[in-house]
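The values are calculated or read from the model by the stated rules, or taken from the named source; none is laboratory data. Keep in mind that what you see is a predicted model, and the values were worked out from it rather than measured. Note: ideal-geometry Cβ built from the backbone for every residue, glycine included; neighbour counts use all protein chains shown. Keep in mind that these areas ignore ligands, DNA and RNA; they rest on the heavy atoms of the full protein, side chains included. Shrake-Rupley method; radii C 1.70, N 1.55, O 1.52, S 1.80 Å.
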Amino acid sequence: MNIDALELLIKAHVTGEESFFEKGIEVLAQEEEEKGNPENARRIREALKYRAYMHRPEDYGVKNNEN
Amino acid sequence: MYEHILKPLKIRKKIVRNRLVAAPEVPFALSDDHPRMTEAFMEHFIRKAEGGFGMVMMSGLCFAPSRKSGDGASFDIWEYENTKRLAEFIDRMHSKGSLVLFEDIPGLMFEYNDYSVMGEKGFGMGPFPEDFIKDKIPVTKEILEEIAEKYAVVAKRLLKLGADGMILMTGPAGIDFLSPISNKRSDEFGGSLENRTRFLRMVLSKIRETVKDDMIIYLRTSVSLDEDDFGIDDEIEMCRSLEGLIDIAEVSLRNPHQTKPWEINELIGMPNDHMPELRTHQVVKQIKAAEIPMHISTIGALQDPEIIEDILAKDEADIVAMARGAIADPDLPKKLYENRAKDIIPCIRCYRCVDTPLRDRCTVNPTMGRAHYLEKPVLLSEEKRLKVAIIGGGPAGIEAAIIASKRGHKVTLYEKEEHLGGRLMYADVMPFKHSTKKFKQYLLDHLYEADTDIRLNTNVTRDLLLKEKFDKVIIAIGADCKDLNVKGSEKAIQAADIYEKGLEVIGDVVIIGGGTTGCETAVYLGELGHKVTILTRGEKLCRNTHVEYMRSILYPLQQLSNVEVVYFAQIKEIRDDEVIYEKEGQELSVKADTAILSVGFRERCDEALDLWLDGIETQIIGDCREAKDLLAAIGSGYDAAMNL
């Protein structure tokens with residue numbers, strides 16, 4: 001993975017600040033665009049909408065296979 | 001220098017040599033059947049005192065006079081033999097310069113297990129199921145007064161034995177009248193905050209009256225971020241009402257949603273890499289800023305000395321407590337005194353130390369729970385130093401090389417790839433493995449510092465080993481990924497190859513295998529926007545790991561709306577763009593631009609035996625002997641180097 005993007009994504013996990021995640025994802029998406037892979041870039045940008053758990057780790061009770 | 005960390009603190013008649021506290025824990029497996037305080041148990045805590053912690057805390061004493069020793073792995077402090085050992089333990093802790101405090105877990109309250117202390121609902125640890133409390137006897141004011149008196153008796157006992165302090169825990173497993181969610185009493189012990197803290201004040205008043213200035217009283221409270229629960233403002237108001245009664249308030253977070261009282265949610269109190277750093281401390285510093293009239297202790301995956309120094313320098317806390325961090329490296333304070341912060345072994349927050357009731361072990365510290373019989377790796381005399389070959393630059397091989405070099409052996413480490421790290425390479429790629437990444441870097445830094453001859457891109461043969469005339473050989477060549485015996489399996493890539501070989505993943509992904517690697521890969525790719533389907537033949541995910549770590553993976557997995565799981569799926573065929581599987585007698589398919597195999601590992605035993613040389617003592621270690629986890633790899637590397 002692009003090292004700048006990885007650092008930003010790690011920062012997102014460490015600080016819990018979503019803006020780092022957004023920046024990291026954008027670095028990856030732009031890289032894909034530069035490589036001529038617009039579909040990959042679109043898919044990567046979509047990652048933002050799938051992931052909202054950073055803000056509520058207090059809901060950490062999980063059950064295995066109960067859904 | 002870490003001047004704020006290493007600054008002493010006077011609390012009543014006690015001097016704490018620095019601001020670092022080894023937080024309470026109960027290494028269950030280290031006690032015997034009685035249970036009695038074994039040498040293993042003592043040594044586990046003494047290592048932390050030796051390592052320089054200002055205060056070392058121990059849990060697992062049985063405070064209740066009428067309770068039988070053994071319940072909840074507790075030591076009955078009223079039994080003669082235990083008392084003798086406890087006195088010896090305290091003396092040994094003092095001889096190393098640490099203060100020693102004892103925690104009331106399982107709580108004295110548990111003596112009253114037949115009663116429903118909370119009235120309608122709950123005993124002490126959140127809401128109880130109705131059938132659990134239906135036959136309970138309501139606890140009257142008289143009984144609560146009796147309990148408070150008993151705490152005073154316990155305090156007197158501990159004081160006589162030489163303890164420096166007593167720890168009371170509210171919240172899960174302790175005196176939990178605080179939460180309005182669990183406390184439904186309608187008398188003077190329920191309702192308003194003043195009422196809900198009344199019993200705690202009763203207990204603390206009795207203890208303080210007994211111990212006067214001769215013991216530290218340390219109160220552990222967990223606050224909730226749920227606005228209906230005991231929160232930050234409540235904590236501040238409560239602490240103000242406890243002025244003069246307690247000396248230190250430690251605050252952690254509680255999970256308001258736990259449904260079973262005995263199911264303490266470890267994850268909120270013990271953060272992992274999926275949670276933001278300093279989450280608990282953000283709460284603690286608000287309480288400290290409110291200028292409560294006692295010292296405040298912060299906790300929650302704090303181990304980095306730079307962060308701790310910063311917290312103390314900014315006056316956001318007076319003391320920093322750590323449990324897992326102290327297990328990973330009991331010598332942490334000593335390393336700060338000696339200006340060797342880079343040598344601190346990073347905790348990877350894997351929960352192995354708290355989640356193995358039968359074997360208390362630490363992934364990164366192979367001496368944890370074994371300190372009473374392991375020797376320390378000291379430099380050997382010249383004539384005992386050997387020429388050693390270590391084959392394989394994964395975690396087992398690297399650990400073996402570091403320890404062997406530390407003992408003075410002349411080590412050559414061979415690795416067939418162009419980089420070191422082996423299976424740990426995933427930590428360089430997965431953003432939520434940042435603690436493991438630090439540990440990997442720790443290993444590499446110490447390997448490079450050691451006087452080790454590292455040879456990359458080298459395929460080792462018996463001829464090479466013979467030519468170099470090694471005295472001893474350690475083989476740590478790891479494991480191979482297992483293949484799946486189905487049509488089209490060659491179209492799939494191995495999960496490990498994404499991290500180790502940088503293989504590209506495109507489009508919609510199907511992961512075959514619901515073990516830890518499969519699930520972590522799903523989280524990693526899901527976070528990058530791939531639509532991921534896990535196909536698992538079983539009924540549960542992550543069966544190959546322990547419950548706390550499993551939860552830490554499953555939480556993000558379940559939150560990612562682009563990740564799906566199909567249970568009881570039998571794989572039939574892997575095609576170019578789909579995977580065919582059978583479930584409940586039906587043949588189904590799922591789109592797969594990339595199919596990923598994660599069905600386990602196969603030991604490279606035969607390859608290891610091919611390198612065996614008659615007449616040269618050889619050890620086969622790590623995944624090539626038995627494909628297990630990082631804990632086993634690091635432990636076998638350490639042991640092999642000590643056996644040289």
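Side notes on the structure shown:
- Residue count for the stretch B:600-624 under the criterion of being within 26 Å of B:Pro346 (Cβ to Cβ) and open to solvent by 50 Å² or more (accessible area, probe 1.4 Å): the result is 1.
- Residue within the stretch B:359-368 that is touching a His at 6+ places or on another chain (Cβ under 8 Å) and either under 26 Å from B:Val26 (Cβ atoms) or not in a loop (DSSP other than H, G, I, E, B) (or both) present: yes
- For the condition crowded, with 21+ Cβ neighbours inside 10 Å, touching a Leu at 6+ places or on another chain (Cβ under 8 Å) and under 28 Å from B:Ile398 (Cα atoms), B:Leu597 qualifies.
- The set of residues in the stretch B:76-111 being open to solvent by 10 Å² or more (accessible area, probe 1.4 Å) and modelled with pLDDT under 80 consists of B:Asp76, B:Trp78, B:Glu79, B:Ile105, B:Pro106, B:Phe110, B:Glu111.
- Scanning the stretch B:1-21 for residues that are open to solvent by 30 Å² or more (accessible area, probe 1.4 Å) and under 15 Å from B:Ser98 (Cβ atoms) turns up B:Pro8, B:Lys14, B:Ile15, B:Arg17, B:Arg19.
- Test: residue in the stretch B:498-511 that is assigned to a strand (DSSP E or B), under 23 Å from B:Arg604 (Cβ atoms) and at pLDDT 95 or above: no
- Residue count, the stretch B:539-556 (criterion: closer than 22 Å to A:Tyr50 by Cα, at pLDDT 80 or above and open to solvent by 10 Å² or more (accessible area, probe 1.4 Å)): 1
- Filtered residue count, the stretch A:15-29, keeping only those that are at the interface with chain B (Cβ under 9 Å from one of its Cβ atoms), more than 20 Å from A:Glu39 (Cβ to Cβ) and either touching a helix residue (DSSP H, G or I) at 6+ places or on another chain (Cβ under 8 Å) or of a type in the set (Asp, Glu) (or both): 3
- Residue match in the stretch B:214-227 (condition: in a helix (DSSP H, G or I) and either out of contact with any helix residue (DSSP H, G or I) (no Cβ under 7 Å at 6 or more places or on another chain) or acidic (Asp, Glu) (or both)): no
- Of all residues making up the stretch B:514-562, the number that are part of a helix (DSSP H, G or I), polar (S, T, N, Q) and either out of contact with any Ser or Thr (no Cβ under 9 Å at 6 or more places or on another chain) or within 7 Å of chain A (Cβ to nearest Cβ) (or both): 3
- Residue in the stretch A:5-14 that is open to solvent by 80 Å² or more (accessible area, probe 1.4 Å) and either at the interface with another protein chain (Cβ under 7 Å from one of its Cβ atoms) or in contact with an Asp or Glu (Cβ under 8 Å, 6 or more places away or on another chain) (or both) present: yes
- Cross-chain or 6+ apart pairs with Cβ under 9 Å, the stretch B:287-316 first and at positive phi and of a type in the set (Val, Ile, Thr), then at pLDDT below 95 and in a helix (DSSP H, G or I): none
Residues checked against (1) open to solvent by 10 Å² or more (accessible area, probe 1.4 Å); (2) under 30 Å from B:Ala87 (Cβ atoms); (3) in contact with an Asp or Glu (Cβ under 6 Å, 6 or more places away or on another chain); (4) hydroxyl-bearing (Ser, Thr, Tyr):
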position: B:Lys160; (1), (2), (3), (4): yes, yes, no, no
position: B:Ser179; (1), (2), (3), (4): no, no, yes, yes
position: B:Arg185; (1), (2), (3), (4): yes, no, no, no
position: B:Glu188; (1), (2), (3), (4): yes, no, no, no
position: B:Glu194; (1), (2), (3), (4): yes, no, no, no
position: B:Glu209; (1), (2), (3), (4): yes, yes, no, no
position: B:Val223; (1), (2), (3), (4): no, no, yes, no
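- Hey, B:Ser205 farther than 21 Å from B:Glu243 by Cβ and surrounded by 16 or more Cβ atoms within 10 Å (Cβ to Cβ) or not: no
- Residue match in the stretch B:296-305 (condition: within 11 Å of chain A (Cβ to nearest Cβ), at pLDDT 85 or above, surrounded by fewer than 22 Cβ atoms within 10 Å (Cβ to Cβ) and over 19 Å from B:Arg254 (Cβ atoms)): yes
- Verdict on B:Leu456 being open to solvent by 30 Å² or more (accessible area, probe 1.4 Å), at pLDDT below 95, over 16 Å from B:Ser598 (Cα atoms) and assigned by TED's automatic domain parsing to the domain that holds B:Tyr638: no
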